[in-house]
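The values are calculated or read from the model by the stated rules, or taken from the named source; none is laboratory data. None of these values were measured; they are calculated from a predicted model. Every residue, glycine as well, gets a Cβ built from its backbone with ideal geometry; the counts of neighbours run over all protein chains shown.
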Amino acid sequence: MIVTGSINFQTRGDCDIVDITPQVARQVAESGVNSGTVTVFVPGSTAGVTTIEYESGLLTDLKRLWERVVPRNVHYDHDRRWGDGNGHSHVRASVLGPSLVVPFTDGKLTLGAWQQIILVDFDNRPRSRQAVLQIMGE
C-alpha cells in the first residue's frame, strides 16, 4: 500500500530548523500501513531534511557548521545572475539533500531515543514550506 500526504508550515528562513517528527509520526500512525518506510521530501531548492537530536546546543552547532562550510558572505554566481542573495541557500540545501527515508514498525517510527526528523530552511527570507510524505508498506 502507498499513502501520500503532506505537512505545511511557515519558516523564518536563515537556517531555521523545524522539528517535524510529531507530524510525520501522526501521519504514519493514521495511514493504515503497519510496517514499511516513510519518505520525507521537501520540494524546492533552498531547504533540506535530516535527523538530529533536537536540542538547543546542537541547533546552534548545526547553524555554525553551515556558516563554516558554506558561508553566506562569499561570492555565488547564482546571486549575480538572479540578484536574490540566496546562492548560499541553494548550495547548503544541495549538500544536506531534499529527502529522508525512515522505517516504521507497528505504525511507529523506528527513530533512536534522541533522534528527530528536521527540516532546515536555508533561504534568506521566511517561507511557506511543504514536506511531502510517501508512506509505503503493508
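Observations, loosely collected:
- Applying the condition of being of a type in the set (Asp, Glu) and either crowded, with 18+ Cβ neighbours inside 10 Å or modelled with pLDDT under 95 (or both) to region 66-100 and asking which residue is farthest from Ile7 (Cα to Cα) yields Asp77.
- Residues that are of a type in the set (S, T, N, Q) and touching a helix residue (DSSP H, G or I) at 6+ places or on another chain (Cβ under 7 Å) were ranked within region 108-137; the one that is surrounded by the fewest Cβ atoms within 10 Å (Cβ to Cβ) is Asn124.
- Condition check for Gly57: surrounded by fewer than 12 Cβ atoms within 10 Å (Cβ to Cβ) and closer than 20 Å to Gly112 by Cα: yes
- For the criterion of being farther than 25 Å from Ser94 by Cβ and small (Gly, Ala, Ser), Ser56 passes.
Yes or no, residue by residue, for (1) assigned to a helix (DSSP H, G or I); (2) without any contact (Cβ under 8 Å) to a residue 24 or more places away in the chain; (3) in contact with a strand residue (DSSP E or B) (Cβ under 9 Å, 6 or more places away or on another chain):
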| position | (1), (2), (3) |
| --- | --- |
| Asp79 | yes, yes, no |
| Ser89 | yes, no, yes |
| Ser94 | yes, no, yes |
| Leu100 | no, no, yes |
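- Of all the residues in region 102-121, those that are in a loop (DSSP other than H, G, I, E, B) and aliphatic (A, V, I, L, M) number 2.
- The lone exception for Lys108 - which of (1) among the charged types (D, E, K, R); (2) closer than 28 Å to Gln134 by Cα; (3) free of Cβ contacts under 8 Å to residues at least 60 places away in the same chain it fails: (3)
- Boolean, Pro22 is surrounded by fewer than 18 Cβ atoms within 10 Å (Cβ to Cβ), under 26 Å from Met1 (Cα atoms), of a type outside the set (Phe, Trp, Tyr) and free of Cβ contacts under 8 Å to residues at least 12 places away in the same chain: yes
- Filter result for Pro71 (under 13 Å from the mean Cα position of the chain (by Cα), closer than 22 Å to His88 by Cβ and not in a strand (DSSP E or B)): no
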